[in-house]
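K.L.:
Below is the structure I would like to discuss, written out as structure tokens.
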Amino acid sequence: MNITINPSDGVPIYRQIANQIRYMVASSLLEPGEEIPSVRGLALRLKVTPNTVVKAYHELESAGVLEKRPGAGTYVKAGPTPLAKQERDRIIEQRIDGLLAEGHQLGFTADELLEAFRRRQEAIDRESKEEKGDREHG
Amino acid sequence: MTESMVEVDRVSRRFGSTVALDEVSYRAGEAKVYGLVGANGAGKTTLIKHLLGLFRAKSGSVRMFGMDPVRHPVEVLQRIGYLSEERDLPEWMRVDELMRYTQAFHPDWDMAYAHQLLDTFELDSGMKILELSRGMRAQVGIVAAVAHRPDLLILDEPSTGLDPVVRKDILDAMVRAVADDGRTVLFSSHLLDEVERMADHVTMIHQGRVVLDGTLESIRRAHARAQIRFGERLDQPPEIEGALSVEGEGRSWSVIHNGATEPFNASVARHRGEVVQSRAATLEEIFVARVGRAPSSAEAA
């Protein structure tokens, strides 16, 4: 689990840890049922007070992202969590916002972008169908 | 009620005409990391020496584990591990001799643990303290401070003057004391990013006074940084509700305020300004807002 923290960017360190784990879960870098590092292990790696890691894990437990198994460590909760959905929404919204801003710069309206979206989707579908056809006939 | 490990009540101390501590009250307990922040000469070391009973409180009182550390040095010091800023170890001793010497003061000394740490640090216990580099002295010092698994580990400027590798060893020892043994760590530092990483509770000291004291979280909640812009150029810094420090010029100013965002924003609006950006303040920004300058830049003063 590759977490990096920056003590001077204004975001509390426990929140930086929690946000990165959320992102990893949402993007499947961490999979349901996967064990995450112990409090001690992560505190030693990041050089932070263990209580900060405890706090990040607590927050993620109450949000349903992680679960503690008594005497066995902390794991990514199995099954889709409502938070992972929220997090997926957040990530895709950021991408859409970027696309809208860029589209605006280039003089596209939102409707024109939607139209372009559909055209691309159809083109991708067509390509994958042709590929499939090629394989079946080849 | 649980016994407070450290209880300092209105302690003052002067050296000649210099006020080193001015009515300082301070408390620490629980399995937490306490950070003492301030520039060199702010009074951190003087406070720590009172906790260890090396200085007697001339006014006010100091209680460690409920005892006066000057009257009960053995009982108090047995429960403390201490790494001094000067790492003043007896230079004529070999490392293994120092370990046995330190063991004599601590019935709970764990020699196997001491040797395990020395191995981790790749220290040759046959070497004389005199022959050790500054970094190696710090490593030996930390082993001597933790091998009796003290209830309270006190480190005075633990990473000052150390290379990153040894600094990491010292931080590891602090993390282990808390994570493995549930101990309390109290350290002083003028490196705010280190305090931000390692401390659960922060006390800022400036010119012998405690200027801010609380959990890192509560301190951060009580401060925010806002970037504001005005319609016209201002010659004077604007007076905004809750502002602790203001700097900038013309139309753009940045403000550290008390974290009460709504009254702050309303006050900015009344001055016909606009909050362009708002975020949590870093410890460094908070320190500068409270004290006027960063602890590391004040060092030369």
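Taken together, the values in this text are just the output of simple stated rules run on the coordinates, not laboratory data. A quick note: this is a predicted structure, and the numbers were derived from the prediction, not measured. We place every Cβ from the backbone using ideal geometry, glycine too, and count neighbours over all the protein chains shown.
K.L.:
State all residues of region B:262-299 that are surrounded by 15 or more Cβ atoms within 10 Å (Cβ to Cβ), within 14 Å of chain A (Cβ to nearest Cβ) and assigned to a strand (DSSP E or B); if no residue qualifies, say none.
P.N.:
B:Ser278, B:Ala280 - these are the residues of region B:262-299 that are surrounded by 15 or more Cβ atoms within 10 Å (Cβ to Cβ), within 14 Å of chain A (Cβ to nearest Cβ) and assigned to a strand (DSSP E or B).
K.L.:
Please find, within region B:28-58, the residue that is surrounded by the most Cβ atoms within 10 Å (Cβ to Cβ) out of those that are within 23 Å of B:Val175 (Cβ to Cβ) and in contact with an Asp or Glu (Cβ under 6 Å, 6 or more places away or on another chain).
P.N.:
Filtering region B:28-58 for residues that are within 23 Å of B:Val175 (Cβ to Cβ) and in contact with an Asp or Glu (Cβ under 6 Å, 6 or more places away or on another chain), the one surrounded by the most Cβ atoms within 10 Å (Cβ to Cβ) comes out as B:Val33.
K.L.:
For region B:192-222, give me the residue count where each residue is within 11 Å of chain A (Cβ to nearest Cβ), over 17 Å from B:Lys32 (Cβ atoms) and surrounded by 23 or more Cβ atoms within 10 Å (Cβ to Cβ).
P.N.:
The total comes to 1.
K.L.:
Specify which of the listed residues (A:Lys47, A:Lys68, A:Lys55) is within 30 Å of B:Glu30 (Cα to Cα), touching a strand residue (DSSP E or B) at 6+ places or on another chain (Cβ under 9 Å) and basic (Lys, Arg).
P.N.:
Within the list A:Lys47, A:Lys68, A:Lys55, the selection yields A:Lys68.
K.L.:
Contact list please: Cβ distance under 7 Å, first residue in region A:99-110 and without any contact (Cβ under 8 Å) to a residue 12 or more places away in the chain, second residue in a helix (DSSP H, G or I), pairs at least six apart or on different chains.
P.N.:
Once the first residue is without any contact (Cβ under 8 Å) to a residue 12 or more places away in the chain and sits in region A:99-110, its partners that are in a helix (DSSP H, G or I) give A:Gly103/A:Leu113; A:Ala110/A:Leu100.
K.L.:
It is to be established whether one or more residues within region B:175-191 are within 12 Å of chain A (Cβ to nearest Cβ) and aromatic (Phe, Trp, Tyr).
P.N.:
Yes - at least one qualifying residue is present in region B:175-191.
K.L.:
Please pick out the residue among B:Glu249, B:Glu239 that is assigned to a strand (DSSP E or B) and charged (D, E, K, R).
P.N.:
One residue alone meets the criteria, B:Glu249.
K.L.:
Which of the residues spanning region A:1-24 are away from every other protein chain (no Cβ under 12 Å), within 27 Å of B:Phe287 (Cβ to Cβ) and not polar (S, T, N, Q)?
P.N.:
Passing the criteria: A:Ile3, A:Ala18.
K.L.:
Here is a follow-up. So, B:Gly259, is that one within 14 Å of chain A (Cβ to nearest Cβ) and touching a strand residue (DSSP E or B) at 6+ places or on another chain (Cβ under 6 Å) or not?
P.N.:
yes
K.L.:
Follow-up. Inside region B:1-116, counting only strands (runs of 3 or more DSSP E) that do not spill past its ends, which hold 2 or more residues that are within 19 Å of B:Gly182 (Cα to Cα)?
P.N.:
Answer list for region B:1-116: B:18-28, B:33-37, B:80-83.
K.L.:
Give me the pairs: first residue in region B:121-145 and under 25 Å from B:Arg79 (Cα atoms), second residue among the hydroxyl-bearing types (Ser, Thr, Tyr), beta-carbon distance under 8 Å, and six or more apart or on different chains, which are they?
P.N.:
From region B:121-145, the pairs are B:Gly141/B:Ser84; B:Ala144/B:Thr102; B:Ala145/B:Tyr82.
K.L.:
Output yes when any residue across region B:99-120 is over 21 Å from B:Tyr34 (Cα atoms), among the β-branched types (Val, Ile, Thr) and within 21 Å of the chain's Cα centre (by Cα), and no when none is.
P.N.:
Within region B:99-120, not a single residue is over 21 Å from B:Tyr34 (Cα atoms), among the β-branched types (Val, Ile, Thr) and within 21 Å of the chain's Cα centre (by Cα).
K.L.:
Select, from A:Gly98, A:Gly107, A:Gly64, A:Gly71, the only residue that is touching a helix residue (DSSP H, G or I) at 6+ places or on another chain (Cβ under 8 Å) and not β-branched (Val, Ile, Thr).
P.N.:
None of the other options fit; the residue is A:Gly64.
K.L.:
Considering only residues that are under 13 Å from B:Met127 (Cα atoms) and of a type outside the set (D, E, K, R), look in region B:90-104 and name the one that is surrounded by the fewest Cβ atoms within 10 Å (Cβ to Cβ).
P.N.:
The extreme case among them is B:Trp92.
K.L.:
Can you list residue pairs whose Cβ atoms sit under 7 Å apart, with the first residue in region B:29-54 being over 18 Å from B:Asp193 (Cα atoms) and within 14 Å of chain A (Cβ to nearest Cβ) and the second being assigned to a loop (DSSP other than H, G, I, E, B) and of a type in the set (Lys, Arg)? Count only pairs 6 or more apart in sequence or on different chains.
P.N.:
Taking only residues 6 or more apart or on different chains, the pairs are B:Ala31/B:Arg183.
K.L.:
Name the one entry in A:Ser27, A:Ser62, A:Ser38 that is away from chain B (no Cβ under 14 Å), within 30 Å of B:Val195 (Cα to Cα) and hydroxyl-bearing (Ser, Thr, Tyr).
P.N.:
After ruling out the rest, the residue left standing is A:Ser62.
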